[in-house]
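Here's the structure we're looking at; comments come further down.
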Amino acid sequence: MLPRAFVTSVVGSWPRPKWLLEAFERREAGLIDDETLKIYMDDAVRLAIQDQVDAGIDVVTDGEQRRTSFVAFVGQKLKGFKVVKVDELHPEAREIMKRHKAPLTIWRPVISGYIEDSIIAEDEAKFARAVSPRPIKVTLPSPYLIMWESWHQKISSPYYPRPEDAAEAYAKVLRREIARLIDAGVAFIQLDEPMLGDLLEASETEPDRYKRVAMEIYGQKYRGLKDEIRLAVDLVNEVVQGYGTVVRIGVHLDRWPAEDSPVVGYERLAPAIFDLKVRQYVVEYKAPRMGDPAEFAKILPSDKELGLGSVDVRNPKAVETPEEIVAHVERVVKYVDPTKIWLNPDCGFAPGQFRAFPRDVARAKLKAMAEAARKLREKYWWV
Ligand SMILES: [Zn+2]
């Protein structure tokens, strides 16, 4: 049973143990087989879940331990994709990413054939469900993200002339995957939509940092702010149509602000953002340039839940105190019913395997967050 108010969860990824990263390398070099690698991954998942349970988290993930990155793994699992090094997509790719301050993962999924129905996360979910004492959240890359991250002008257009066509094909596979995840007993399905979150920094005529990179590396075109938001929203709605009554579905937005990014929050994407037929908005709001979460909370429709980013995932130097987190959450309490407020970190702690975040610090942050939720439930005991 979940607590009535201030439920705690994570966004998705959890720092991978060093021995798992070494096992990935040994598999790559052909020194171990898939079966052996699976034993490592199973153990890493058990550990990731145990870390979250020990910290007092209510809804846990498998820490995305089996995924090399939150988006590249789609390239490994889906028919119609392949994974390549970014330099194969554009010889100056690394230079381009640096210039726009938009570091994408080096291994990129690219659409290189017709997208066919494939298992994306059902296998992960079944294992996590079997070993977890708590309800499970599973993350899936959303179609708009996959479109921007993996449709390449030269490589993909023989199969899908327009990026939108590829997004539609992927959306159909996602719908089937959601049905499988429901059957597997998943409590929460979260569609990851950082490409929609990044639009905070775009204008009608000027794309954001990440779109600029995708335009240069992949040869995509920017449609203008209104049409981009509309496309992202329509694609998610195609995926989730009809499922909202059987499982909790959320959308995760982030943008990982740069030091010169504008100070603004996801309220900038309203009102179109609220057309998403999802129950929960899992939003980054702890990062220094994310603005005031109250601005988003004020206009959040009353039937929606707010998964509030409450600890920073980029700064391993400081662990937030429970009191600090309580104060952060209280900025939204007067606008959102506490039964609809969830606490989570801003993002995953390790969206890609090469992002190192000390596990002990990540654990301390979750523990502080769970303690803050306990204090909040005590204070708002009547809800
Ligand atoms: Zn994120």
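Please state which one of K221, K211 is touching a helix residue (DSSP H, G or I) at 6+ places or on another chain (Cβ under 8 Å), of a type in the set (D, E, K, R) and either assigned to a helix (DSSP H, G or I) or buried (at least 20 other Cβ atoms within 10 Å of the Cβ) (or both). Before you say what the answer is, go through the steps one by one.
Working: K221 fails: either assigned to a helix (DSSP H, G or I) or buried (at least 20 other Cβ atoms within 10 Å of the Cβ) (or both).
The match here is K211.
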Name every residue in region 93-108 that is farther than 19 Å from W256 by Cα, out of contact with any Lys or Arg (no Cβ under 7 Å at 6 or more places or on another chain) and without any contact (Cβ under 8 Å) to a residue 40 or more places away in the chain, in order of residue number. E95
Region 276-316: number of residues that are touching a residue at least 40 places away in the same chain (Cβ under 8 Å), surrounded by fewer than 19 Cβ atoms within 10 Å (Cβ to Cβ) and within 19 Å of the chain's Cα centre (by Cα): 2
Away from the ligand (no atom under 14 Å from the Cβ), surrounded by fewer than 15 Cβ atoms within 10 Å (Cβ to Cβ), at pLDDT 95 or above and over 15 Å from E284 (Cβ atoms): is that true of I341 in this structure? no
Just checking, does region 138-153 include any residue being surrounded by fewer than 20 Cβ atoms within 10 Å (Cβ to Cβ) and within 20 Å of the chain's Cα centre (by Cα)? no
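From the residues in region 317-346 that are among the hydroxyl-bearing types (S, T, Y) and outside any helix (DSSP H, G or I), which one is farthest from D58 (Cα to Cα)?
Our first condition is that a residue be among the hydroxyl-bearing types (S, T, Y); within region 317-346, this holds for 321, 335, 339.
Going one step further and asking which of them are outside any helix (DSSP H, G or I), we end up with 321, 335.
Working: T321: 19, Y335: 23 Å.
Per the criteria, the residue is Y335.
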Hey, A350 of a type in the set (G, A, S) and more than 16 Å from the ligand (Cβ to nearest atom) or not: no
Among the residues of region 62-82, which ones are away from the ligand (no atom under 16 Å from the Cβ), not polar (S, T, N, Q) and not in a loop (DSSP other than H, G, I, E, B)? G75, K77, K79, G80, F81, K82
Candidate set from region 179-195 (those that are outside any helix (DSSP H, G or I), more than 16 Å from the ligand (Cβ to nearest atom) and not β-branched (V, I, T)); member that is surrounded by the fewest Cβ atoms within 10 Å (Cβ to Cβ): G185
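Are any of the residues in region 234-247 among the hydrophobic types (A, V, I, L, M, F, W, C) and within 16 Å of the ligand (Cβ to nearest atom)?
Step one: filter region 234-247 for residues among the hydrophobic types (A, V, I, L, M, F, W, C), giving 235-236, 239-240, 246-247.
Going one step further and asking which of them are within 16 Å of the ligand (Cβ to nearest atom), we end up with 236.
Taking every residue of region 234-247 in turn, at least one turns out to be among the hydrophobic types (A, V, I, L, M, F, W, C) and within 16 Å of the ligand (Cβ to nearest atom).
Within region 197-204, can one find any residue that is away from the ligand (no atom under 16 Å from the Cβ), farther than 15 Å from R175 by Cα and under 21 Å from the mean Cα position of the chain (by Cα)? Walk me through it before giving the result.
Filtering region 197-204 for residues away from the ligand (no atom under 16 Å from the Cβ) gives 202-204.
Restricting the remaining residues to those that are farther than 15 Å from R175 by Cα gives 202-204.
With under 21 Å from the mean Cα position of the chain (by Cα) added as a condition, the list becomes 202.
Yes, region 197-204 contains a residue that is away from the ligand (no atom under 16 Å from the Cβ), farther than 15 Å from R175 by Cα and under 21 Å from the mean Cα position of the chain (by Cα).
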Take the residues of region 20-76 that are at pLDDT 95 or above and hydroxyl-bearing (S, T, Y): which is nearest to E122 (Cα to Cα)? T61
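Considering every residue within region 13-28, establish whether at least one is more than 16 Å from the ligand (Cβ to nearest atom), aromatic (F, W, Y) and surrounded by fewer than 22 Cβ atoms within 10 Å (Cβ to Cβ).
yes
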Selection from region 43-61 of residues that are away from the ligand (no atom under 15 Å from the Cβ) and assigned to a loop (DSSP other than H, G, I, E, B): G56, I57, D58
Number of the exception - S261 against (1) modelled with pLDDT of 95 or more; (2) surrounded by 17 or more Cβ atoms within 10 Å (Cβ to Cβ); (3) in contact with an Asp or Glu (Cβ under 7 Å, 6 or more places away or on another chain): (1)
Go through (1) in contact (Cβ under 8 Å) with a residue 40 or more places away in the chain; (2) outside any helix (DSSP H, G or I); (3) not basic (K, R) and name the single condition L200 misses. (2)
Anything in region 120-147 that is aliphatic (A, V, I, L, M) and in a loop (DSSP other than H, G, I, E, B)? List them, or say none. I120, A121
Within region 252-293, count every residue that is on the phi > 0 side of the Ramachandran plot, of a type outside the set (F, W, Y) and within 12 Å of the ligand (Cβ to nearest atom). 0
List the pairs whose first member sits in region 42-60 and is at positive phi, whose second member is of a type in the set (G, A, S) and not in a helix (DSSP H, G or I), and whose Cβ atoms are under 6 Å apart, counting only residues at least 6 apart or on separate chains? none
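The values are calculated or read from the model by the stated rules, or taken from the named source; none is laboratory data. Quick caveat: nothing in here was measured; it's all calculated off a predicted structure. Heads up, the Cβs are rebuilt from the backbone with ideal geometry, glycines too, and the neighbour counts pull from every protein chain shown.
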